[in-house]
1. Any residue that is in a strand (DSSP E or B), within 14 Å of chain A (Cβ to nearest Cβ) and more than 24 Å from residue A:50 (Cα to Cα) - is there at least one of those in segment B:95-105?
2. Check segment A:66-80 and report whether any residue there is modelled with pLDDT of 95 or more, away from chain B (no Cβ under 14 Å) and outside any strand (DSSP E or B).
3. Can you pull out every residue in segment B:39-82 that is within 14 Å of chain A (Cβ to nearest Cβ), part of a loop (DSSP other than H, G, I, E, B) and surrounded by 12 or more Cβ atoms within 10 Å (Cβ to Cβ)?
4. Of the numbered conditions (1) surrounded by fewer than 20 Cβ atoms within 10 Å (Cβ to Cβ); (2) within 14 Å of chain A (Cβ to nearest Cβ), residue B:111 satisfies every one except a single condition; which is it?
5. Please state which one of A:107, A:63, A:102, A:59 is surrounded by fewer than 17 Cβ atoms within 10 Å (Cβ to Cβ), touching a strand residue (DSSP E or B) at 6+ places or on another chain (Cβ under 6 Å) and at negative phi.
6. Take residue A:93 and decide whether it is touching a residue at least 40 places away in the same chain (Cβ under 8 Å), surrounded by fewer than 18 Cβ atoms within 10 Å (Cβ to Cβ) and part of a strand (DSSP E or B).
7. Away from chain A (no Cβ under 14 Å) and at pLDDT 95 or above, is that true of residue B:20?
8. From the list A:111, A:46, pick out the single residue that is in contact with a helix residue (DSSP H, G or I) (Cβ under 8 Å, 6 or more places away or on another chain) and closer than 22 Å to residue B:42 by Cα.
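The values are calculated or read from the model by the stated rules, or taken from the named source; none is laboratory data. All of these numbers come straight from a predicted model, not from anything done at the bench. Note: ideal-geometry Cβ built from the backbone for every residue, glycine included; neighbour counts use all protein chains shown.
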């Protein structure tokens, strides 16, 4: 079946640094990918919709300059958390939409900012 | 706005017990409803779905019926196994935008 892979699965960084998380669709082309954030014991919150070759569409309340999203190819979207702070520590999950109407999720990336 | 509410966990069961996870939603129009499952260390996987009222989704022994009159989509399984231990998410999808709205997730732990 289709697979969506995220990398890294875990990352620890110092406050003030930037972290990039990759989301790849391994066996299909995804014109649309989504980035979610999951807080402990809470639901997944949609952060942005990433469209290949165009700017991402951010949900209300999500800082565009803080969470940079790039969808440079049909199989790769990246989320960069810029100048990370402890409050950015979270579980980030991507999903990729296949043109068959199916949505596939990555394994998630746990970010810890010290 | 749209929202999904599901029972908080954790739910702890013995093997072969009956499982119910309640899910209710608030949305305008006619959303599609989903249950996703997240096994330890893995991404979310679609478990089952229903696209219109009275539809029943089923997979791996799990069932859920789209009840528009009660705006519910409760997940049930008659006899759980240890391998069913996971976090279960109820979600809805409006036709436009392909944006899923998730419930808070329910952790289920099945003990031998």
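1. Of segment B:95-105, the ones in a strand (DSSP E or B) are B:100-102.
Okay, now just the ones that are also within 14 Å of chain A (Cβ to nearest Cβ), so B:100-102.
Subset that is more than 24 Å from residue A:50 (Cα to Cα): none.
Checking segment B:95-105: not a single residue is in a strand (DSSP E or B), within 14 Å of chain A (Cβ to nearest Cβ) and more than 24 Å from residue A:50 (Cα to Cα).
2. Among the residues of segment A:66-80, at least one is modelled with pLDDT of 95 or more, away from chain B (no Cβ under 14 Å) and outside any strand (DSSP E or B), which makes the answer yes.
3. Those that are within 14 Å of chain A (Cβ to nearest Cβ), part of a loop (DSSP other than H, G, I, E, B) and surrounded by 12 or more Cβ atoms within 10 Å (Cβ to Cβ): B:39, B:42, B:43, B:51.
4. Going through the list (1) surrounded by fewer than 20 Cβ atoms within 10 Å (Cβ to Cβ); (2) within 14 Å of chain A (Cβ to nearest Cβ), residue B:111 breaks only (2).
5. Details: A:107 fails: surrounded by fewer than 17 Cβ atoms within 10 Å (Cβ to Cβ); A:63 fails: touching a strand residue (DSSP E or B) at 6+ places or on another chain (Cβ under 6 Å); A:102 fails: touching a strand residue (DSSP E or B) at 6+ places or on another chain (Cβ under 6 Å).
Selected residue: A:59, the only one of A:107, A:63, A:102, A:59 that is surrounded by fewer than 17 Cβ atoms within 10 Å (Cβ to Cβ), touching a strand residue (DSSP E or B) at 6+ places or on another chain (Cβ under 6 Å) and at negative phi.
6. Details: touching a residue at least 40 places away in the same chain (Cβ under 8 Å): yes; surrounded by fewer than 18 Cβ atoms within 10 Å (Cβ to Cβ): no; part of a strand (DSSP E or B): yes.
Answer is no for this residue.
7. Working: away from chain A (no Cβ under 14 Å): yes; at pLDDT 95 or above: yes.
Criteria met by residue B:20.
8. A:111
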